[in-house]
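Visitor: Would you mind keeping the following structure in view while I ask a few things?
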Amino acid sequence: MRWDRRIVVVWLAIAAWIMAPAAGQAQSNALPVTPGAGKYLPAAADVGPGWVDVWRGGIAPGADLFREGVKAVYGGPEGARALVFVWLTQDGATTSRRAWASTTQLFDSYRDPFAGAADSSAASRLAGLPAPAGCAEASRAEGLDARLLFPGGLTLCAVDPDVIILAIASGTVAGKQGHAASDALVELALDHAGMATPTS
């Protein structure tokens, strides 16, 4: 019975945390999921058994850099969470670099809450890894989720010529944790869009 109460308390905390942005979006007339970027959002069942869709919708991407933007939030077993952002960039190499810089700022803003307690060697170790399959460029972070102390991972992925994906994992996703879990979310996004990645 005590374990059941702990599960309920954890899920209430998770629901409050992940529904806060959704509530704000709803109050400001949340945008619809657009087809171009939306095709990269995995179904909850593809994330794994016991995963559910919490919220998905369009996000205002900033028309000077992006054509489309979408976000999905998922809840999983034992309090695991996952977020996937997808942007389609405007044409042009210079615009693509500016779009990458913009999404890197968002990546950095999520690093502290999801992977704030990082090993001091994590950044250099992750920087030396090859980009996930399908990504022309990638940035990663991993550490402990500052709120729930779950293993957290973030992967920012640029897909040629005009797609940027930010995947965030907290807890175990697809049997993996840390950057391996967020990499798996990126691969799921690419698979869902019909851009199958090699199995590792």
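Visitor: Mind listing whichever residues of region 120-156 are in contact with a Ser or Thr (Cβ under 6 Å, 6 or more places away or on another chain) and of a type in the set (Ser, Thr, Tyr)?
Guide: THR155
Visitor: With respect to GLY194, is the statement that it is at positive phi and at pLDDT 95 or above true?
Guide: Against the criterion (at positive phi and at pLDDT 95 or above), GLY194 does not qualify.
Visitor: Another question about this same structure. Would you pick out the residues in region 182-199 that are touching a residue at least 60 places away in the same chain (Cβ under 8 Å) and part of a helix (DSSP H, G or I)?
Guide: Scanning region 182-199 gives LEU185, LEU188, ALA189, LEU190, ASP191, HIS192.
Visitor: Right, another one. Kindly indicate the residue of region 63-97 that is more than 19 Å from CYS157 (Cβ to Cβ), in contact (Cβ under 8 Å) with a residue 40 or more places away in the chain and among the small types (Gly, Ala, Ser) and also surrounded by the fewest Cβ atoms within 10 Å (Cβ to Cβ) among those meeting that condition.
Guide: Only one residue tops the list, namely GLY79.
Visitor: List, please: which pairs have Cβ atoms under 9 Å, are six or more places apart or on different chains, and start with a residue in region 29-55 that is closer than 12 Å to VAL84 by Cβ and of a type in the set (S, T, N, Q) and end with one that is at pLDDT below 95 and surrounded by 12 or more Cβ atoms within 10 Å (Cβ to Cβ)?
Guide: Matching pairs, first to second residue: none at all.
Visitor: Sticking with this structure for a sec: Here is a list of conditions, (1) touching a residue at least 60 places away in the same chain (Cβ under 8 Å); (2) surrounded by 24 or more Cβ atoms within 10 Å (Cβ to Cβ); (3) β-branched (Val, Ile, Thr), and THR172 meets all of them except one; can you say which number that is?
Guide: Of the numbered conditions (1) touching a residue at least 60 places away in the same chain (Cβ under 8 Å); (2) surrounded by 24 or more Cβ atoms within 10 Å (Cβ to Cβ); (3) β-branched (Val, Ile, Thr), the odd one out for THR172 is (2).
Visitor: Looking only at residues that are closer than 15 Å to PHE107 by Cα and hydrophobic (A, V, I, L, M, F, W, C) in region 119-150, which one is surrounded by the fewest Cβ atoms within 10 Å (Cβ to Cβ)?
Guide: If we take residues in region 119-150 being closer than 15 Å to PHE107 by Cα and hydrophobic (A, V, I, L, M, F, W, C), then ALA127 is surrounded by the fewest Cβ atoms within 10 Å (Cβ to Cβ).
The values are calculated or read from the model by the stated rules, or taken from the named source; none is laboratory data. What you see is a predicted model, and the numbers here were worked out from it, not measured in a lab. Please note: Cβ atoms are built from the backbone with ideal geometry, for glycine as well, and neighbour counts cover all protein chains shown.
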